[in-house]
1. Of LYS300/LYS627; LYS512/LYS554; LYS232/LYS385, which sit over 26 Å apart, Cα to Cα?
2. Using θ = phi - 60° and the Karplus curve 6.51 cos²θ - 1.76 cosθ + 1.60, what whole-Hz ³J(HN,Hα) does each residue of the stretch 365-379 get, with Gly and Pro shown as x?
3. LYS274's amide H: which non-local residues (gap 5+, or another chain) put their own amide H closer than 5 Å, with H modeled 1.01 Å from N in plane and none for Pro or chain starts?
4. Under a 5 Å amide H to amide H cut-off, with H placed in plane at 1.01 Å, what residues pair with PHE591 once short-range neighbours are removed?
5. May I ask you to derive the FRET efficiency for LYS510 and THR192 from their Cβ-Cβ distance with R0 = 41 Å, giving the value to the nearest 0.05?
6. For GLU295 and GLU48, compute 0.36 nm times the residue count separating them, minus their Cα-Cα distance, and round to one decimal in nm.
7. Hey, any idea what % of the stretch 540-628's accessible area is carbon plus sulfur with a 1.4 Å probe?
8. For the stretch 405-417, just list the computed ³J(HN,Hα) in residue order, Karplus coefficients 6.51, -1.76 and 1.60, θ = phi - 60°, integers in Hz, with x standing in for Gly and Pro.
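The values are calculated or read from the model by the stated rules, or taken from the named source; none is laboratory data. Just so you know, these numbers come straight off a predicted model, no measurement behind them. Cβ sites come from the backbone with ideal geometry, for glycine too, and all protein chains shown count toward neighbours. Ligands, DNA and RNA are stripped out before the accessible areas are found, and what is left, the full protein with its side chains, is counted by its heavy atoms. Shrake-Rupley method; radii C 1.70, N 1.55, O 1.52, S 1.80 Å.
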Amino acid sequence: RRSGQYTMNHDHSKKIPDGASFDRSGSQDSLDELSMDDYWKELENIHETRGDNHEEGVALVVKEPDEGELEEEWLKEAGLSNLFGESSGDSQESMVFLSTLTRTQKAAVEKRIETVTQTMRKKNKQHQIPDVRDIFRLQNDSKGKVCDGSEPSIVRTSENKNETHDGTKGLKFNLGTDEQKSPLEDVASSDTDINLEIPFAEQAANLKDDSVGSMCKGGGGDTLLPNFRLPKDKTGTTKIGDLAPQDMKKVYSLALIELTALYDVLGTEFKQQKAVKIKTKDSGLFGVSLSILLEHDQKKVPGTKIPLIFQKLIAQIEETTLETEGLLRIPGAATRVKSLCQELEAKFYEGTFNWENVKQHDAASLLKLFIRELPQPLLTVEYLKAFQDVQNLPTRKQQLQALNLLILLLPEANRDTLKVLLEFLQRVIDHRDKNKMTLKNVAMVMAPNLFTFHGFGSKTIEQSQFIMAAGTANVMRFMIQYQKLLWTIPKFIVNQVRKQNTERQRKEKKDKAMKKLLKKMAYDREKHEKQEKTPNDTDVPQGVIRVQAPHLSKVSMAMQLTEELKAGDIVARFLSQKSGNVQTLNKEEVFLYEIGGNIGERCLDDDTYMKDLYQLNPNAEWVIKPKQS
């Protein structure tokens, strides 16, 4: 049916749906020969478009790491490089960090430190090589308790309320909610509820221990993908973009450790790839890195987070209509697309490019070309393989959990661009009755553009990519279908951030106290400390918070905390008062923020119950302000 090399490739499509490896992950959801045909056609179009367009491109070299190198890099990425090497003496900050880890997270860290330690000993490196047991023993001594994940939450209320009944040695997850279930009961309560309170790796370990592994497995088409949902959290759902940058750094480290722990528990290898830096274009549109494009675009449109060309191509496609049959699947003419590409390079930034000449299918082809031509993949060299390997995880829920953590690990520019792409793809799917582009069709067409990366060389594409075609299309399907869930920061990670901040503040207070002790009398110092430890502000009565809204009112407002009071109610109360001298802002433009205490800054969703959140962070300040774009 096909000529040349594509005959061989097409044959794979007949075998893949029945392949044993896909039975395990549920990737065989009606991925029949007809639906896979879209994938192979798209791949053929990619090769045709690439044609002679690539002789000047230099393939990105993915370096095969030396023994221990991956683990050393992993520890650096996780913010734990000061546990080994020349800076191993200054590890106080890491000790605070380690004290907040769960049992499975700690095991993942220990495993990597052990490998690095053994490698260093082999290489006879001339600096201190601590034993992994000493690191955790030192940390245990400094805390006076074992770092076994027994309290990953900042809230410590009644004793052992949430202790598990599955042999996890007193693993307590008291996260400031009223539920008093064990983690396993909670997980099993509903196959479609995504539990964000209990670390994913702990959930997997509990399921493994109890041989419960069949959740959310099985075949079915588009319509049968599970309707996963997030149960309501009284302290508010935290989305990417809601936290301050200093807390997002902690989120990154914790997400990396948690993802690694999850893969360890499930017996799947997690390896970050490493790219050798090569010279790339520092101007233009296609084949230019996102960071260089944004640096240029932000001079034209301050604050823009998505490359202007990417935004314009999507707008151009949508301008016609999203009801066009075969949208994204039918390619533009290769010669015309190449010509448009060159013309855009010359005229886009000058504003002289004539968009009226661009047909809709050409714009779609240019959009896909832009994604493919990025010097590093949109999903990054480091994590592209990890995204692919999601298909190998046993259950759909675990696949979704892994994708959630991977999204948190992407650089901001990649994550923001991916979000805009997925939102656009969903809008295309919303018109499937007219354009005949179902979730499965769109996933089949887009997967080769995100996963067959030219930088890894043709060998990878020829051998590995064809075998994984159905799997990568399935991962693409998950990203489109569950995009709203994927941009959520799990509560257990936010709680670990809160605990880190509290531990650090406690340490800073202790250090300050020591310095003051040298200057002042011990009696004065003790008195001052007692005052500091009292959380209630003297001018605010118990059960009342003071809210400031500098953009809306000159005066702050005292709010009585009730069981029902939500963040949205407080914003509405301020907006209804309309002071004459402040700017007019709409409800959609301003949010209540939780600032300080055990979090840097957090934008609250309107359904956050304030009394529950106040109990979680009694020392916070409450400010209403516009969200930073």
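1. On the way: LYS300/LYS627 22 Å; LYS512/LYS554 35 Å; LYS232/LYS385 33 Å.
Beyond 26 Å between Cα atoms: LYS512/LYS554; LYS232/LYS385.
2. Coupling constants for the stretch 365-379: 5, 5, 4, 5, 4, 4, 4, 5, 7, 3, x, 10, x, 4, 8 Hz.
3. LYS63
4. Residues meeting the criterion, in which the H sits 1.01 Å from N, are LYS625, LYS627.
5. After rounding to 0.05, the efficiency reads 0.35.
6. Extra length from GLU295 to GLU48 when fully extended: 85.8 nm.
7. Working: 2070 of 4400 Å².
Carbon with sulfur: 47 percent of the solvent-accessible area.
8. Values per residue, Gly and Pro as x: 5, 5, 4, 5, 8, 5, x, 4, 4, 5, 5, 5, 5 Hz.
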